[in-house]
Amino acid sequence: MTRDLPRLHTETFDLLVVGGGIHGLFTAYDAAARGLQVALVECGDVGSGISFNHQRTIHGGLRALQSGQLMKCRQQIAERRAWARIAPHLLRPLPFLIGTYRGTRRSRLMVRTGFKLYDFVGKSRNQHVSPELHLPNTRLESPAATQRFFPGIAPEGLSGGAIWYDYQTVHPDRLTWTVALAAHQSGAVVATYVEAQSPLHEGSRITGVSCRDVLTGDVFDVRAGAVVLAAGTGLAALHETFGATGAPPLVRAMNLLIDRPAKDIALAAPSAQGRMLTAVPWAGGMLVGTYQPEDAPNPDDATSLEPFVEAFLAEIQTAFPALGATRKDVRFVHHGLVPAQVTGKGLDLLAEPQLLVHNESPGLFSLVGVKYTTGRLAAERAVDAVARLAGRAVRPCRTGSTVLPHADIADSDGILQETSRALGVTLEKTIHAHLVGWYGTEGPAVLRCAHAEGALARLSPSGPVIEGEVIYAAREAAAVRLEDVVFRRTPLGSAGHPGEPALQRAADLLTREWGWSSERREDELSRVHKRFVV
């Protein structure tokens with residue numbers, strides 16, 4: 001996939017999607033797969049906003065069940081199953097453990113009753129799912145086993161533990177990219193670094209958007225019969241430009257990657273403030289979240305995140321004291337602004353995704369996403385509504401059952417081995433495992449590119465990413481900035497700083513590919529460095 005900007009201003013589309021997070025990508029993919037002519041523009045890179053900053057899990061609605069929302073629970077279980085069907089290569093079952101306590105709402109009896117209902121509601125959770133991804137039933141553990149799995153768990157009144165299973169996204173940024181690739185392969189034009197500036201009208205009806213190429217400054221019009229704004233944090237600003245209303249307030253959400261070894265189990269515990277936190281093993285550390293400060297942030301506010309990080313660490317200490325997490329242990333800060341709603345206690349996460357139909361501007365819609373897990377379903381409903389209001393007959397949605405590109409469970413390992421032998425290349429085990437795990441069935445193409453360019457060397461002595469992946473990302477995966485490669489086309493920097501030599505070498509390779517000036521190269525490095533500094 002490459003940036004195909006000429007098609008944007010030479011064709012007329014049925015649908016233009018503004019925003020390249022998981023909700024916008026699925027909307028473009030679904031609409032194109034159903035037979036519509038679709039374009040998507042994103043002012044940055046695909047998946048570079050809150051879709052980059054989630055906690056790397058696909059949830060099955062247990063919290064919805066706790067609040068008595070059986071239909072919502074069933075829906076989220078179905079979406080979790082859909083992810084397992086369409087991206088089996090990039091998910092894995094992960095157990096979650098929470099303590100049970102005498103005389104509380106989390107007593108052993110209460111939890112056992114809830115778990116029985118949860119297993120019943122989710123009895124079809126493994127239907128049409130590969131055996132490797134089957135999720136076991138919930139279960140209760142003894143106090144001794146709970147303390148062994150969960151060092152530092154609050155001991156007073158502890159009666160044992162409760163374990164349930166969800167999925168972890170093994171490589172979340174690769175997963176988001178495969179949705180972008182699916183949209184592209186279905187016929188959608190996916191254009192990164194294209195900013196939506198102002199609406200085009202015929203009378204009151206929206207007929208497209210005036211856009212600007214962020215990289216060159218060129219301005220051009222994109223004509224479309226309908227426009228879906230799926231811009232996440234930028235939705236309110238777009239509403240102001242488009243003369244629309246309804247954008248929800250925002251709340252800050254934060255996850256911290258703590259440099260601590262982790263058992264292969266996620267832990268859940270309340271902080272002293274009553275917030276339920278989870279600590280998920282990921283990338284050799286513990287990804288802890290999600291923290292929501294009680295402020296109403298301004299998207300344009302450049303205030304340092306340091307006070308929020310310190311406050312979050314204090315909460316982590318009360319929920320997971322055995323981590324002993326301090327500021328120097330924070331390997332990476334994942335943060336962003338997410339849709340919220342006003343409650344009696346202030347701002348809280350928006351409970352459900354919303355599709356806003358702007359009747360004052362026919363043809364204009366806004367998709368307000370909530371969770372990565374339900375992004376596919378929210379997009380399906382958005383496409384249904386757009387097609388219905390446009391009077392268009394479209395094919396049934398298939399995004400919940402069609403495997404994403406390169407994400408199926410195939411013999412990726414064997415195919416890569418055959419490619420290595422054919423090229424006369426002997427890969428180190430960690431590099432081989434990385435190419436299989438990250439790229440799936442695309443691994444051989446990456447290896448062939450690396451071999452042809454003499455770029456089989458590691459970028460970092462401690463990491464498996466090789467030089468050829470940078471070249472491949474630039475040529476075949478629409479990577480136009482250094483940060484695209486470092487954080488999203490490869491796992492080079494998404495779990496912490498890979499070391500300055502690795503960044504310098506990646507910058508050298510992209511400079512050669514794109515003909516950057518020395519000033520542009522330094523600017524690209526500066527943009528990446530800022531992501532590692534709070």
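The values are calculated or read from the model by the stated rules, or taken from the named source; none is laboratory data. In this text, all values refer to a predicted model and were calculated from it rather than measured experimentally. Methodologically, a virtual Cβ is constructed for each residue, glycine included, from the backbone with ideal geometry; neighbour enumeration extends over all protein chains shown.
Only one of the listed residues (GLY454, GLY400) is loosely packed, with under 14 Cβ neighbours inside 10 Å and either under 18 Å from ALA87 (Cβ atoms) or in contact with a helix residue (DSSP H, G or I) (Cβ under 9 Å, 6 or more places away or on another chain) (or both). That residue is GLY454.
Are there helices (runs of 4 or more DSSP H) fully within the stretch 141-254 with at least 1 residues that are under 28 Å from THR402 (Cα atoms), among the acidic types (Asp, Glu) and under 20 Å from the mean Cα position of the chain (by Cα)? List them.
In the stretch 141-254, the matching helices (runs of 4 or more DSSP H) lie at 172-185.
Could you please let me know if GLY289 is within 22 Å of ILE153 (Cα to Cα), modelled with pLDDT under 90 and either assigned to a strand (DSSP E or B) or touching a strand residue (DSSP E or B) at 6+ places or on another chain (Cβ under 7 Å) (or both)?
Numbers: within 22 Å of ILE153 (Cα to Cα): yes; modelled with pLDDT under 90: yes; either assigned to a strand (DSSP E or B) or touching a strand residue (DSSP E or B) at 6+ places or on another chain (Cβ under 7 Å) (or both): yes.
So GLY289 fits the description; yes.
Listed by first and then second residue, the pairs with beta-carbon distance under 6 Å, at least 6 apart or on different chains, first residue in the stretch 398-420 and among the aliphatic types (A, V, I, L, M), second not in a helix (DSSP H, G or I), are LEU404/ALA87; ALA407/ALA87; ILE409/SER130.
Residue count for the stretch 4-27, restricted to those that are in contact with a Gly (Cβ under 8 Å, 6 or more places away or on another chain) and among the charged types (D, E, K, R): 1. Considering the conditions (1) more than 21 Å from LEU349 (Cβ to Cβ); (2) surrounded by fewer than 18 Cβ atoms within 10 Å (Cβ to Cβ); (3) of a type in the set (Gly, Ala, Ser), GLY68 is excluded by exactly one of them, (1). Inside the stretch 272-283, residues that are of a type outside the set (A, V, I, L, M, F, W, C) and modelled with pLDDT under 90 make up a count of 3.
Going through (1) modelled with pLDDT of 90 or more; (2) under 20 Å from the mean Cα position of the chain (by Cα) one by one, ALA314 falls short only on (2). Before we move on, is LEU140 in contact with a Lys or Arg (Cβ under 7 Å, 6 or more places away or on another chain), modelled with pLDDT of 95 or more and surrounded by fewer than 17 Cβ atoms within 10 Å (Cβ to Cβ)? So LEU140 fits the description; yes. Looking at the stretch 26-44, which of the residues that are crowded, with 24+ Cβ neighbours inside 10 Å and either acidic (Asp, Glu) or out of contact with any strand residue (DSSP E or B) (no Cβ under 7 Å at 6 or more places or on another chain) (or both) is farthest from ALA87 (Cα to Cα)? Per the criteria, the residue is GLU42. Among the residues making up the stretch 97-152, a single one is under 14 Å from ARG80 (Cβ atoms) and among the aromatic types (Phe, Trp, Tyr): TYR118. The number of residues in the stretch 77-109 being assigned to a helix (DSSP H, G or I) and surrounded by 15 or more Cβ atoms within 10 Å (Cβ to Cβ) comes to 14. Selection within the stretch 11-24: residues that are of a type in the set (Val, Ile, Thr) and closer than 11 Å to ALA39 by Cβ. The member of this set that is surrounded by the fewest Cβ atoms within 10 Å (Cβ to Cβ) is THR12.
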